[in-house]
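**Q** For reference, the structure I am asking about is given below.
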Amino acid sequence: MYVKYGELDVPHDIFARMPIKDVVSWNSIISGYASKGMWSKAFELFDKMRDAGAERGIITWNTIAGGCLRTGNFIGALKLFFQMITCGIQLEPMSTLIGLSACSHTGLLKIGKEIHGLVIRSHLGDVDNVKNALINMYARCKALKKAHILFQRVVSKAVITWKTIISVFSHWDMSEKTSFLFQEMLLSGVELNYITIACILPLCARMANLQHGYGIQGEGREAIKLFNEMIRLHIKLDHVTIIAALSACSHSGLVMQGQKLFEQMQSTYGITPHLEHFSCMVDLFGRVGLLKNAKEIIMKIPYEPIPEMWATLLGACKIHRNTEIREWAAEKLLDLKPDNPGYHMLIANMYTDARRWNKLAEVRTVIQDFGVRKSPGCAWVNIGSGFSPFLVVDTTSGQTNDIYCLLGGLNKQMKDTDQLTTENSSSEEELCEGLCF
């Protein structure tokens, strides 16, 4: 009774005085401390229960293993999971979910596969929550093909199943696949509710598809509407949701809305800004030419700025022709010795524009020494019947000559109107000229 109403001092004293402690009393006191979030005490009692030789049932095992998950001790949760199996405890859905969740957080795919084998032998593969947990585990461990196969095998896909597969593919920035899945979900007749809204919002901030990525395509207000809908439905926001909303503001030029949201993060939503949030603000200010504001954001960051942040500012300075801040950002980015070839190209272009040949020579030496080679840029365009990839300097099409002749004409028109930036590759221009004869 005392435990039920959260009073632990009295039941603890009674428990301590009991000459013989049965399984029920052990479970009650451990569950009581667990319900109050007093995990260190619950773990201590669990160890004492083992030392006393008391039989630990599935509820107790699940409580303590779940406590390890809650406190971030994922390896501890897995150890308890396999100890439970060794002790002859019959596997059931809750313990399975705990084991798979621990694998998802640690990326231990091999152990996740072992648990999947136990699921099959225990005939738990048809349990909806277990199916979703398996999809999530494989996807989080980067076995995306296996995750998608399991998803396809689900005959009747519930909202949570769609949410699981879309969120994990979105997590790995697989925008095209995420878009296809989202289309499938809509065609399947699944009704949008707060769960699907929570999973769609991050997608809206990253997708380059007008129908599904309002933020990227200048319809940031639609993405913000989804964000406000989450607030109205009292959905607890996390740092990923804020990143999505800030990114939507950035891509749509909603400076005031983005600035207000950033300022309210801690005071209103209780979320401490991470590096990603600061990066969004640098991008937000940089896109509209508020380069001094972007620089101030970087200067105020309580962390070490990441290369992506300097590259964002560097690119914005090029567009808005701010030489002073651009050179400063290039020096800072170079100091970090980034291994991304695109960053080295940004820096090299900056020194070329500034005619700082000595610095340009240094960057080119780094590019040669480290074998830095820029991968060709790729864009996916929805042409009605599906997505098609377009690569820089691609000659695989049967209509290559016609394509590059047309591009050559467009290049000339852009140069005539001063719309073509110096960053365009000379190799692409040469290819256009070489194929037009």
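The values are calculated or read from the model by the stated rules, or taken from the named source; none is laboratory data. The model shown is predicted, which means the values in this text are computed figures rather than measured ones. Reconstructed Cβ throughout: ideal geometry from the backbone, glycine too, with neighbour counts over all protein chains shown.
**Q** Looking only at segment 139-179, count every residue that is among the hydroxyl-bearing types (S, T, Y) and under 19 Å from L124 (Cβ atoms) and tell me the total.
**A** Number of matching residues: 3.
**Q** Further question on the same structure: Identify all residues within segment 159-174 that are modelled with pLDDT under 80 and of a type outside the set (S, T, N, Q); write none if there are none.
**A** H171, W172, D173, M174
**Q** Might you check whether a residue that is among the aromatic types (F, W, Y) and not assigned by TED's automatic domain parsing to the domain that holds V190 occurs anywhere in segment 150-160?
**A** Among the residues of segment 150-160, at least one is among the aromatic types (F, W, Y) and not assigned by TED's automatic domain parsing to the domain that holds V190, which makes the answer yes.
**Q** Test of understanding: among L118, L134, L108, which residue is crowded, with 20+ Cβ neighbours inside 10 Å and either modelled with pLDDT of 90 or more or not assigned by TED's automatic domain parsing to the domain that holds V168 (or both)?
**A** Every option except L134 fails the conditions.
This table checks each residue for (1) farther than 23 Å from L181 by Cα; (2) out of contact with any Asp or Glu (no Cβ under 8 Å at 6 or more places or on another chain); (3) touching a residue at least 24 places away in the same chain (Cβ under 8 Å).
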site: T71; (1), (2), (3): yes, yes, yes
site: T86; (1), (2), (3): yes, yes, no
site: S104; (1), (2), (3): no, yes, yes
site: L108; (1), (2), (3): yes, yes, yes
site: I111; (1), (2), (3): yes, yes, yes
site: G117; (1), (2), (3): yes, yes, no
site: V130; (1), (2), (3): no, yes, yes
site: A133; (1), (2), (3): no, yes, yes
site: N136; (1), (2), (3): no, yes, yes
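**Q** A158 is checked against (1) buried (at least 19 other Cβ atoms within 10 Å of the Cβ); (2) over 20 Å from N62 (Cα atoms) and fails just one. What number does that condition carry?
**A** If we test A158 against (1) buried (at least 19 other Cβ atoms within 10 Å of the Cβ); (2) over 20 Å from N62 (Cα atoms), just (1) comes out false.
**Q** Continuing with the same structure: For segment 337-369, which residues satisfy the criterion of being at pLDDT 70 or above, surrounded by 15 or more Cβ atoms within 10 Å (Cβ to Cβ) and in a loop (DSSP other than H, G, I, E, B)?
**A** R356
**Q** State all residues of segment 16-49 that are charged (D, E, K, R) and surrounded by fewer than 15 Cβ atoms within 10 Å (Cβ to Cβ); if no residue qualifies, say none.
**A** Hits for segment 16-49 are R17, D22, K36, E44, D47, K48.
**Q** Of everything in segment 64-85 that's of a type in the set (V, I, T) and modelled with pLDDT of 90 or more, which residue is nearest to K36 (Cα to Cα)?
**A** Here the residue is I64.
**Q** Now for a different question. Being in a helix (DSSP H, G or I), under 33 Å from the mean Cα position of the chain (by Cα) and over 21 Å from N129 (Cβ atoms), is that true of even one residue in segment 51-61?
**A** The answer is no; no qualifying residue exists.
**Q** Going by the conditions given, is L91 among the hydrophobic types (A, V, I, L, M, F, W, C), in a helix (DSSP H, G or I) and over 25 Å from the mean Cα position of the chain (by Cα)?
**A** no
**Q** Now, a different point. Sort out which residues of segment 270-297 are of a type in the set (A, V, I, L, M) and in a helix (DSSP H, G or I), and write them in order of number.
**A** Within segment 270-297, L275, M281, V282, L284, L291, A294, I297 qualify.
**Q** What tally of residues in segment 298-307 results from selecting those that are part of a helix (DSSP H, G or I) and touching a Leu at 6+ places or on another chain (Cβ under 9 Å)?
**A** Selection size over segment 298-307: 2.
**Q** Is segment 236-248 home to any residue that is at pLDDT below 90, more than 16 Å from the chain's Cα centre (by Cα) and in a helix (DSSP H, G or I)?
**A** No.
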